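Student: Dropping the structure in here first, questions after.
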Amino acid sequence: QVQLVESGGGLVQAGGSLRLACAASTGTFRSYATGWFRQAPVKEREFVAAAGRSGVPTSYAESVKGRFTISRDNAKNTVYLQMNSLKPEDTAVYYCAAGPIALSSAERSYPYWGQGTQVTVSS
């Protein structure tokens with residue numbers, strides 16, 4: 001069982017940056033691949049980024065490629081999402097997830113989820 005806790009969300013102006021963090025409760029976290037997803041109001045949850053067990057390789061949704069970077073520090077049992085050049089359409093609740101399949105964009109590949117952190121980008 002892995003418990004995940006996200007942090008780092010907040011309100012930022014368009015063009016700004018935020019770094020989200022997701023801390024895992026156990027060292028077994030390093031045996032799992034990780035992903036970030038987001039859910040905007042009245043929309044379905046969507047894939048954002050994923051990373052392998054060591055942090056590489058990585059994959060991104062087209063909408064965030066070149067602006068967002070996923071990374072992880074296994075010594076700290078933490079995965080990060082660096083978000084630059086934020087746009088109002090990036091406004092959503094962001095969730096981190098962990099699972100056995102690397103680089104999957106499918107929610108069903110991730111049995112462990114955090115509670116989410118709100119990111120709001122003002123225009």
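Student: Using a 1.4 Å probe and ignoring any ligands, DNA or RNA, find the accessible area of E62 and quote it in Å² to the nearest 10.
Tutor: Per-residue accessible area (E62): approximately 140 Å².
Student: For I101, list long-range residues whose amide hydrogen, built 1.01 Å from N in the peptide plane, is under 5 Å from its own amide hydrogen.
Tutor: Amide H neighbours of I101: A33.
Student: While we're looking at this one, here's another question. Provide the net charge surrounding E89, with neighbours chosen by a C-beta distance below 12 Å and charges set as Lys +1, Arg +1, Asp -1, Glu -1.
Tutor: On the way: positive: R38, K43, R67, K87; negative: E46, D90.
That works out to +2.
Student: For segment 1-66, with only Lys/Arg (+1) and Asp/Glu (-1) charged at the beta-carbon, what is the dipole magnitude about the Cα centre, in debye rounded to 20?
Tutor: Result for segment 1-66 is approximately 120 debye, rounded to the nearest 20.
Student: Let me ask another. Would you tell me the accessible area of Y32, worked out with a 1.4 angstrom probe on the heavy atoms of the protein chains, in Å² to the nearest 10?
Tutor: 50
Student: Related question: Straight-line reach only, C-alpha to C-alpha below 20 angstrom: list the aspartates and glutamates that K65 could link to, leaving out same-chain residues fewer than 8 apart.
Tutor: Within the straight-line cut-off, K65 pairs with E44, E46, E89, D90, E107.
Student: How large, in percent, is the carbon and sulfur part of the accessible surface of segment 18-68 at a probe radius of 1.4 Å?
Tutor: 52
Student: Report, by chain and number, residues whose modeled amide H sits under 5 Å from the one on G10, excluding near sequence neighbours (fewer than 5 apart, same chain).
Tutor: When sequence neighbours closer than 5 places are left aside, the close amide H contacts are V119, T120.
Student: Could you report the chain's accessible area per residue, 1.4 Å probe, as an integer in Å²?
Tutor: For the chain, the per-residue accessible area is 49 Å².
The values are calculated or read from the model by the stated rules, or taken from the named source; none is laboratory data. Remember, predicted model here, so these are calculated numbers, not experimental data. Virtual Cβ from ideal backbone geometry, glycine too; neighbours counted across all protein chains shown. Ligands, DNA and RNA are stripped out before the accessible areas are found, and what is left, the full protein with its side chains, is counted by its heavy atoms. Shrake-Rupley method; radii C 1.70, N 1.55, O 1.52, S 1.80 Å.
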